[in-house]
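Everything on this sheet refers to the single structure shown next.
Readers should treat all values here as calculations from the given coordinates under stated rules, not as data from a laboratory. Quick caveat: nothing in here was measured; it's all calculated off a predicted structure. Every residue, glycine as well, gets a Cβ built from its backbone with ideal geometry; the counts of neighbours run over all protein chains shown.
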Amino acid sequence: MEKVYETIIEAVDVGIHAVDKDGKTIIYNKKMREIESMPAADVMNRNVREVFQFNDNQTSTLLQSLAEAERIINVKQTYFNNKGTEITTVNQTIPIEQNGEICAAVEIATDISKMSRLMQQKVQYEHEPYTFDKIIGNSPSLLEIIDIAKRATRTTSNVLIIGETGTGKELFAQSIHTGSSRVNGPFIAQNCAAIPDTLMESMLFGTAKGAFTGAVDSPGLFEQANGGTLLLDELNSLNLSLQAKLLRVLQEKKVRRIGGKTDQPVDVRIIATMNEDPVDLITHNRLRKDLYYRLAVITIAIPPLRERKEDIPVLVHHFIQKYNRLFQMNVLDYTTEVEQLLYAHDWPGNARELEHVIEAAMNLIQYEKTLTYEHLPYHYRKRMPFSPREQTLHVEMEGTLAEQLAMYEKLIIQQALEAHQGHITNAAAHLGLSRQSLQYRMKKCNLRER
């Protein structure tokens, strides 16, 4: 029966932690080890106070139940393991009595750390504005665009941001606002493609009471953004008639509500974004030429990810760390196989698509610390003509001969390090290099030591 109980305790999908009358751990099951990211050796036969830390206003529910000889039902507890990682659980804690005395206490814990972290991150993201230092990438083309955008913060001229879906146009727009003298004014963003034209006009310019049945005095986006910045996302989706009315406001810096009789002066900086080439839009009569000239005082063309694939590694590591925080995981790296597949893909959805791939892969990871080929979504893996394990350097290359040779060198070094589990001396011997020479080449290729 002891073996049966032990098997059940290890197999159940809830954490079980029991202590004796002195507060020393006597049972610490597999699920509890997973929740707290600690091996049994760090916890067993040790007092709870020696292992875990609690906030000033909290104590261990296990020790509380033991001391008070009372059940504690469905109590949320936040504490820290011996590495300082925050853990949040909902506990049911039961004192155990024998011969009229409390001899132990057992706790059944449900992990809600991920949910708690998600809520904290949501609040954090809602209050943190975008800034240039949150734009991830170090490719020359991206750094050049960031430099242009930073210069745009010094003036109040209108800005046109051109880029494919998922390139981060709103990130650039809000960074410009945050870095400008208008930072203390409102930043209002509106996706023009999400609202029908009939409603978009009243949203932009506002309405006066009596303009139509049920109309009330209501300020539009221009009035709401007065003194700040108005981001018009996917401006090219507006019809030509609405574009003409928008142009009038930009020229006169005044807005008249629908049904109104007076003009309201507005001081608004316009940042417009488009996901298509404005020249093509003008050619096909979908964008007014005069509106384009009015908006494109400063033009920022964000390069797609397929044209700056050297940014893929830094983006992947950024997204891994992001979802480590959100999912409370500890993924440290990804394999050469994964990198080869990522380099081979054209990324029509750009950085947003890459983020979704990493998020999907992180959902398939259990307790591994390395993201592997098998974790990637199936519909990405099946695009490969063969598994990366069956290839050596079958990666599409672009650029000059020197750039392609540099990429091949990086891939060869990565494969050698992967084959030797990151052991530099062994990898260097495999490649016929000295340890110092390999370290120099790793630094040149932006490869870090593990």
If one compares the long axis through the Cα atoms of helix 401-419 with the longest principal axis of the Cα atoms of the chain, the angle in degrees, nearest 10, works out at 20 degrees
Note, region 183-191: 3J(HN,Hα) by Karplus (6.51, -1.76, 1.60, θ = phi - 60°), whole Hz, Gly/Pro = x, goes 4, 7, x, x, 10, 10, 10, 9, 7
With the label point 7 Å along the Cα-to-beta-carbon line of SER141 and a cut-off under 20 Å to each amide N, the hits in region 291-329 are 299-317
If one compares the long axis through the Cα atoms of helix 350-364 with the longest principal axis of the Cα atoms of the chain, the angle in degrees, nearest 10, works out at 20 degrees
Here the gain from full extension of ASP277 to LEU199, 0.36 nm per residue of separation minus their alpha-carbon distance, amounts to 25.5 nm
To the nearest 10 degrees, the tilt of helix 169-179 (Cα long axis) against the first principal axis of the alpha carbons of the chain is 90 degrees
Here region 309-321 yields Karplus 3J(HN,Hα) values (6.51, -1.76, 1.60; θ = phi - 60°; whole Hz; Gly and Pro given as x) of 5, 5, 7, 4, x, 5, 5, 4, 5, 4, 5, 4, 5
Rounded to one decimal in nm, the spacing of the 7 Å Cα→Cβ label points at HIS284 and LEU326 is 3.3 nm
Highest mean packing first, using Cβ neighbours within 10 angstrom, the peptides 330-336, 142-148, 29-35 sort as 29-35, 330-336, 142-148
Computed, not fitted: 222 nm per-residue ellipticity of the chain from DSSP H runs ≥ 4 (each -39500 (n - 2.57)), nearest 500, equal to -12000 deg cm²/dmol
Taking a crude spin-label model, label points 7 Å out from Cα along the C-beta direction, the THR59 to VAL297 distance in nm is 6.5 nm
A chain fully extended from THR156 to SER434 at 0.36 nm per residue, minus the present Cα-Cα distance, gains in nm 94.5 nm
Simple spin-label estimate for ARG306/ARG381, 7 Å along Cα→Cβ, in nm, reads 2.5 nm
In this structure, the FRET efficiency calculated for LYS83 and THR131 from their beta-carbon separation, with R0 = 30 Å, to the nearest 0.05, is 0.50
Sorted largest first, the Cα spans of the chain on the principal axes come out in Å as 89, 68, 38
For the VAL75, GLU50 Cβ pair and Förster radius 25 Å, calculated FRET efficiency rounded to 0.05 is 0.70
Given a Förster distance of 60 Å, the FRET efficiency implied by the Cβ-Cβ spacing of GLU6 and CYS445, rounded to the nearest 0.05, works out to 0.75
Violations at 18 Å Cα threshold for listed pairs LYS369/LYS410; LYS134/LYS322; LYS209/LYS253 -> LYS369/LYS410; LYS209/LYS253
In debye to the nearest 20, the charge dipole size for the chain, taken about the Cα centre with +1 at each Lys and Arg Cβ and -1 at each Asp and Glu Cβ, equals 1400 debye
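Once fully extended, how much extra length lies between GLN421 and ILE102, figured as 0.36 nm per residue of separation less the alpha-carbon to alpha-carbon distance? Before the final figure, lay out each step's value.
Working: separation 319, 0.36 × 319 = 114.84 nm, distance 5.07 nm.
Fully extending the segment from GLN421 to ILE102 adds 109.8 nm.
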So, relative contact order of the chain in percent, Cα under 8 Å, 6 or more apart, is 11 percent
